[in-house]
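Enquirer: Below you'll find the structure I mean.
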Amino acid sequence: MAHQLVNYAVKPLNIILLILTNFVIGSCQSQPSVEDIVLINVGNYDKGRIAKELSIINSLNPKVVSLDVAFPEYIGDKDDIDLFNVLESSKGLVMASEISSLGEDIDGKEIISIALTCAVEFFPTHAKTGFVSAKVNIGETEIPNQFTVWQKGSFSEDIYYHFSLTTVMAFDSLKAVHFVNNNPTKVRVDYANGTRKFKTFSASEVLSGKLRRSDIEGKIVMFGFLGPGDKDKFSTPLNKNSSEPDMYGVEYLANVVAQILESK
């Protein structure tokens, strides 16, 4: 199924108003840390088992659930229905989208919009979205050294937000406002010299009931692929072996979330 274009954007002059009106105003805590971020591996699981993972996580009361996972086809079988139902019940849900080029207008200017990475049937009305695709300054070795905080669209001067910023909006809206106010649209990624260590759980650990409520409650929980294999894995500036990638996409996104939360 083709991705449906979804408009989650505002005029530039209203960027702060959108953050303040669409997310709960307030700061979660004065000293955010990597302890607020938990990574969940979806591995090579199908939609039915991912739905079970998500259901278990929801029962442990996370504040935000962010899915760096694509569900491009909806066929309406039991797995699809189970997945939609658990997404519908997920609090603070953020789902991935991509910056999409729709060609050029009559003046030759590129037309930019945004497309969900999931079939629209999976997208609950309360969910938010942010783009994961618009990295800048990626060379031949695909080393991301900057990220785009927000992207100007082509229709009515729309603005689209980075996935990690949308995640922070749902967790600590005042921190998100502060970051937007005090940074340009493109920001260098701070990998903290590789010192951030995110608590990470495998799919089997989740499904076997090894997680405690204290592992998840009140936290940002980010789902994504963390192996086995090198799918959605790339090299960072920290990589000392350029022939082998060193970081999965969801880890990259988690580092950006941490960078925003840690910003002064």
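Enquirer: Evaluate the distance, in nm, between pseudo-label points positioned 7 Å from the Cα of ASN61 and of ASN193 along their respective Cα→Cβ axes.
Expert: 3.8 nm
Enquirer: Which percent of the accessible area of region 200-261 is formed by carbon and sulfur heavy atoms (probe 1.4 angstrom)?
Expert: 46 percent
Enquirer: Okay, next question. As a test of reading the structure, rank ARG212, ARG49, ARG196 by solvent-accessible area (1.4 Å probe, protein chains only), most first.
Expert: ARG212, ARG49, ARG196
Enquirer: Tell me the label-point distance for the pair SER208, GLU73, using the 7 Å Cα-to-Cβ offset, in nm and rounded to one decimal.
Expert: Label at SER208, label at GLU73, 3.1 nm between them.
Enquirer: So for the pair ASN182, GLU88, with labels modelled 7 Å out along Cα→Cβ, what separation do we get in nm?
Expert: In this crude label model, ASN182 to GLU88 measures out at 4.2 nm.
Enquirer: Would you kindly state how much longer the chain becomes between ASN145 and ASP230 on full extension, computed as 0.36 nm times their sequence separation minus their alpha carbon distance, in nm to one decimal?
Expert: 28.6 nm is the gain from fully extending ASN145 to ASP230.
Enquirer: I'd like the projected area of region 161-237, averaged over all directions, using the convex hull of its alpha carbons. Report it in nm² with one decimal.
Expert: With the hull built on Cα positions only, its mean projection is 7.0 nm².
The values are calculated or read from the model by the stated rules, or taken from the named source; none is laboratory data. Model, not experiment: these values are computed from the prediction. Don't worry about glycine lacking a Cβ; one is built from the backbone with ideal geometry, like all the others, and counts go over all protein chains shown. When the accessible area is computed, the model is the full protein with side chains, heavy atoms only, and any ligands, DNA or RNA have been set aside. Shrake-Rupley method; radii C 1.70, N 1.55, O 1.52, S 1.80 Å.
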